[in-house]
Amino acid sequence: PFTGAKEDDVTNVLELMNMVVPEELEDDEEYQDIWEDIAEECGKFGQVVDMKIPRPKKGQDVPGCGSIFVRYQSKDDANAALRALAGRRFADRTVVASFIDEEKYTNDYV
Amino acid sequence: ARAERKRKRKSRWGDQEENEPSGLPTTLPRVDDDKKNEYILKIRIEEINRKLRNNDVVPPERLRSPSPEPVYDSHGKRVNTREVRYRKKLEDERHKLVEQATKTLPNFVPPADYRRPTKLQD
C-alpha cells in the first residue's frame with residue numbers, strides 16, 4: 001500500500017533498490033563494473049557528488065547492502081534522476097527508488 | 001588505468017522500452033528500512049512469478065554469460081538449454097526469497113505456483 005515518493009520526500013540523496021544482490025558485489029571486477037554502469041547512468045540526470053555501494057562482509061550484517069546510494073548536488077537533480085530511473089531495468093530487475101536523508105547517507109553507510 | 005580496463009560486458013541498464021510496468025509503485029516514500037526491505041522482497045518475488053508464468057526467463061543478450069558445454073539426457077535431448085538454466089536460476093532465487101518472506105513477514109502467502117523443492121540440487 002505504498003503510494004510512491006511525494007514532493008515533500010525529496011532530498012538530494014537517492015537509494016536505488018532491487019538492482020543488485022550482495023553476492024554480485026563480492027568479486028572486485030564485477031563490483032567495479034556495476035559501479036561504472038551506475039555512475040555513468042546517474043550522471044546523465046545531474047551532478048553526482050558521490051556514491052556508496054555497500055559490499056557484503058563475511059559474518060557481518062552490512063547496513064544498506066543490496067542498495068545503491070547516490071548523492072546529488074541538488075534536490076532537483078536527485079528528483080530528476082528518481083523520476084527517470086525508477087521502473088527502469090538493471091540486470092533484468094526492476095529498479096525501485098526512494099529519497100533518504102543526507103545525514104543517514106553520511107552516517108549509516110560505508 | 002580504470003578507463004582502459006575492458007568491461008566484461010555491456011551496461012546492465014535496460015532502455016525505457018524494456019520497462020515492464022507491473023502496476024506496482026517503483027518509488028517509495030521515506031519509510032523506515034524494514035518497510036523498504038519488506039516491499040523489495042515482495043516486489044522481487046512478484047517479478048520472478050511474472051517471468052516464470054510468462055515463460056520470460058532468458059535475459060536480453062547483452063546480459064547473458066557464455067553458455068556452458070551442452071549436456072544431453074539418455075534420449076539425446078539437451079537438458080541444459082538456456083531456458084532451462086535461466087528458469088532454474090529464477091526458481092532458486094524465488095525459493096530463497098520465499099523462505100525469507102515466510103520467516104519475516106506476517107501473513108505472507110507463498111505464490112500459488114510455488115512448490116518447495118524436495119531436494120535442493122547443486
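Things to note:
- Scanning the stretch B:55-83 for residues that are closer than 22 Å to A:F90 by Cα and surrounded by 10 or more Cβ atoms within 10 Å (Cβ to Cβ) turns up B:D56, B:V57, B:V58, B:P59, B:P60, B:R62, B:L63, B:R64, B:S67, B:R82, B:E83.
- Of all the criteria given as (1) part of a helix (DSSP H, G or I); (2) surrounded by 10 or more Cβ atoms within 10 Å (Cβ to Cβ); (3) within 13 Å of chain A (Cβ to nearest Cβ), the one not satisfied by B:R87 is (3).
- Out of B:R82, B:R44, B:R53, one residue alone is more than 24 Å from B:L24 (Cα to Cα) and under 17 Å from the mean Cα position of the chain (by Cα). It is B:R82.
Yes/no per residue for (1) at the interface with chain A (Cβ under 9 Å from one of its Cβ atoms); (2) modelled with pLDDT under 90:
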{"residue": "B:R2", "(1), (2)": "yes, yes"}
{"residue": "B:W13", "(1), (2)": "yes, no"}
{"residue": "B:T26", "(1), (2)": "yes, no"}
{"residue": "B:E38", "(1), (2)": "no, no"}
{"residue": "B:E46", "(1), (2)": "no, no"}
{"residue": "B:R62", "(1), (2)": "no, yes"}
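- Verdict on B:V31 being among the hydrophobic types (A, V, I, L, M, F, W, C), within 30 Å of A:D9 (Cβ to Cβ) and not in a helix (DSSP H, G or I): yes
The values are calculated or read from the model by the stated rules, or taken from the named source; none is laboratory data. Small disclaimer: the values here were computed from a predicted structure and weren't measured. All Cβ positions, glycine included, derive from the backbone under ideal geometry; neighbour counts span all protein chains shown.
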